[in-house]
Amino acid sequence: MAKIFNYKRLKELMREKKVQQKHIMFYLAEKGVIYSDDGIKNWFRTDETQRRDPEMNTIKLLAEFFMVSIDELIIGSWAENIFPLRQIPIVGSASCGIPENNALQEANKYTYCNEQDWNEEVYAVIANGDSMAPTIEEGDEVMCDPRAEILDGDIVHYEINGECAIKTYKIDSKNKKILFIPINKSFKTKEFDENTNIRMVKVMDVRKSLKNNRKERLIALGFK
């Protein structure tokens, strides 16, 4: 049996969560997938000759948005390169520090990531401040993986002397310094001696807050 988009289940989820088509359009735009309002309406056409199923990557994003398994939105078999979602804990704001393992078990708020990216130590924090804008903005969910290797130029969640933040990690070998560089040039780079005791965790993904990415929303609505 071929895979078929379960548009009826999507309509149910929209009713249950009081979500309108424009909310879906804005969310997809934030993820770089642009649909017009008519394009989304085509998913729900009762006439099969006019109905257009979204791409599999779009269906995966819809599953993330509604926090359901992707197989709820698929009837029949589904592609091997599409992965189910796993729940990960939101442990607080980025300024709260890197959590210990027991703190992950006590979290009462959650977000989701692909199963292939998940392990029991992955956690999320809520970004505060705009030092990493526009890549990471206030309110965004930032997923972090303590098991991932950190390389020069990676974005990290770091903790040092009680200070915690998200910045771009850079090694200054010439001056024997570790730099934490903001993307927003209005903020200053933090410098530390290379022997400073620093805890760092690699940022693996960012889930944009609906209040951010205004530019993409305007594009989706047809404004340049």
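Values in this text are rule-based calculations from the coordinates and carry no lab data. Here the structure is a predicted model, which is why all the values come from computation and not from measurement. Here Cβ is always computed from backbone atoms with ideal geometry, including for glycine, and neighbour counts include all displayed protein chains.
Which ³J(HN,Hα) values, rounded to whole Hz and listed in residue order, are derived for region 111-119 from phi using the Karplus coefficients 6.51, -1.76 and 1.60 in 6.51 cos²θ - 1.76 cosθ + 1.60 with θ = phi - 60°, glycine and proline given as x?
10, 9, 9, 5, 4, 5, 9, 8, 8
Find how much the distance from Val68 to Asn184 grows on full extension, using 0.36 nm per residue of separation minus their present alpha carbon separation; answer in nm with one decimal.
In short, 38.3 nm is gained.
Over region 2-79, consider all pairs of different Cα atoms and compute the Kirkwood hydrodynamic radius from their mean reciprocal separation; express it in Å, one decimal.
In region 2-79 this quantity evaluates to 12.7 Å.
Rounded to the nearest 0.05, what FRET efficiency do Lys170 and Asn42 give with R0 = 41 Å and r taken as the Cβ-Cβ distance? Could you check?
It comes out at approximately 0.35.
Would you grab the residues whose amide H sits under 5 Å from the one on Lys167? Only those 5+ places off in sequence or on another chain, please, with H modelled 1.01 Å from N.
Hits under the 5 Å cutoff: Val156, Tyr158.
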